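Beneath this line is the structure, given in structure tokens, with notes to follow.
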């Protein structure tokens, strides 16, 4: 997969810009902080996922004073040429098209464009709470097969409905409330168990890949493993029944896949609390490398790799190890300084004040 041309209209700081990265190698976007480098990567990421990998709200993507942003790209997927388009209004629903056909679900974009993102915020995968690690697994699942997005949406819908019922009940154990809870619990047992099982299987597949990537990055033989831990024991339906009284009192669902954890261990100890920040950064990179390699193996082509200022936080040894582990494919790299000596870009684009120069056209 590769982007051949990217057009931006009123996206972030860009009024109008055209970006033409090398389709087969490394393109470096170089500029001062705040120049708009990451915004270019963010636009590519939006086309692939309909989300900002920076966690920004949709309205923040629209240039100040504009009513909407438009992102378009010509891309290739194998031998196929693709046209991807996204309209991002300040208010109202965002829209996306692939080859002029409306996209109704994010999973429909998987065959058109996939991306792997490495950013400084990845440290939250290790240092942050369980939600970041659950999202990491769910994003990888959606990239694996569209059915997992539908499963995630279903689980989220059930949890919202159950939470609304618990709030409306106000702690009361009335027959009507309990009967409706029975319905939602049955649905959550089915869909929630299926989602947890998919996450468990993926974590088991990723664990050796993460361990191998960490060993090469860190240059040490410490063992890194992933373990998926459910928030319940036995059948989910039984656990929901046992927790019902507490759920009604607290007005929240206390067990289910939304409470599960992906444990990341270094030599058997939690990386979140027992690893140094340098080790945690290597673990975070290893998590991203593992999903990138898995997606490459499953789809027969590497996703477009977006490296957002990753080398600024790495020493020479880790930088070299990261470069050595990247499979062939298109790579877009942002940096405020010259990239490390072992990085050989095919194209360098200067980014300044919402303009792309020497490799892009503004």
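The values are calculated or read from the model by the stated rules, or taken from the named source; none is laboratory data. As the structure is a computational prediction, the values presented were derived from the model and not from experiment. A quick note on method: Cβ atoms are made from the backbone with ideal geometry, for glycine too, and the neighbour counts reach across all protein chains shown.
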Selected residue (criterion: farthest from residue 288 (Cα to Cα)) from residues of the stretch 140-191 that are touching a helix residue (DSSP H, G or I) at 6+ places or on another chain (Cβ under 7 Å) and part of a loop (DSSP other than H, G, I, E, B): 173
Residue ID - surrounded by the fewest Cβ atoms within 10 Å (Cβ to Cβ), chosen from residues in the stretch 314-343 that are within 22 Å of the chain's Cα centre (by Cα), modelled with pLDDT of 85 or more and assigned to a loop (DSSP other than H, G, I, E, B): 329
Residue 42 being in contact with a helix residue (DSSP H, G or I) (Cβ under 8 Å, 6 or more places away or on another chain), under 27 Å from residue 344 (Cα atoms) and either surrounded by 17 or more Cβ atoms within 10 Å (Cβ to Cβ) or at pLDDT below 95 (or both): yes
Residue match in the stretch 213-233 (condition: at pLDDT 95 or above and part of a helix (DSSP H, G or I)): no
Failed condition for residue 81, given (1) touching a strand residue (DSSP E or B) at 6+ places or on another chain (Cβ under 8 Å); (2) part of a loop (DSSP other than H, G, I, E, B): (2)
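Let's see how each residue does on (1) outside any helix (DSSP H, G or I); (2) buried (at least 21 other Cβ atoms within 10 Å of the Cβ):
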position: 96; (1), (2): yes, yes
position: 104; (1), (2): yes, no
position: 108; (1), (2): no, no
position: 113; (1), (2): yes, yes
position: 116; (1), (2): yes, yes
position: 122; (1), (2): no, yes
position: 125; (1), (2): no, yes
position: 131; (1), (2): no, no
position: 135; (1), (2): no, no
Checking residue 237 against (1) surrounded by 13 or more Cβ atoms within 10 Å (Cβ to Cβ); (2) closer than 30 Å to residue 322 by Cα, the condition it does not meet: (2)
Verdict on residue 83 being touching a residue at least 40 places away in the same chain (Cβ under 8 Å) and either surrounded by fewer than 21 Cβ atoms within 10 Å (Cβ to Cβ) or within 15 Å of the chain's Cα centre (by Cα) (or both): no
Candidate set: the stretch 1-17, residues that are surrounded by 17 or more Cβ atoms within 10 Å (Cβ to Cβ) and out of contact with any strand residue (DSSP E or B) (no Cβ under 6 Å at 6 or more places or on another chain); chosen: the one farthest from residue 48 (Cα to Cα): 13
Close pairs (7 angstrom Cβ cut-off, 6 or more residues apart or separate chains): at negative phi in the stretch 245-263, part of a strand (DSSP E or B) and exposed (fewer than 15 other Cβ atoms within 10 Å of the Cβ) anywhere: 260/229; 261/229; 263/227; 263/229; 263/270
Selection count, the stretch 248-299, where residues are in a helix (DSSP H, G or I) and more than 25 Å from residue 114 (Cα to Cα): 14
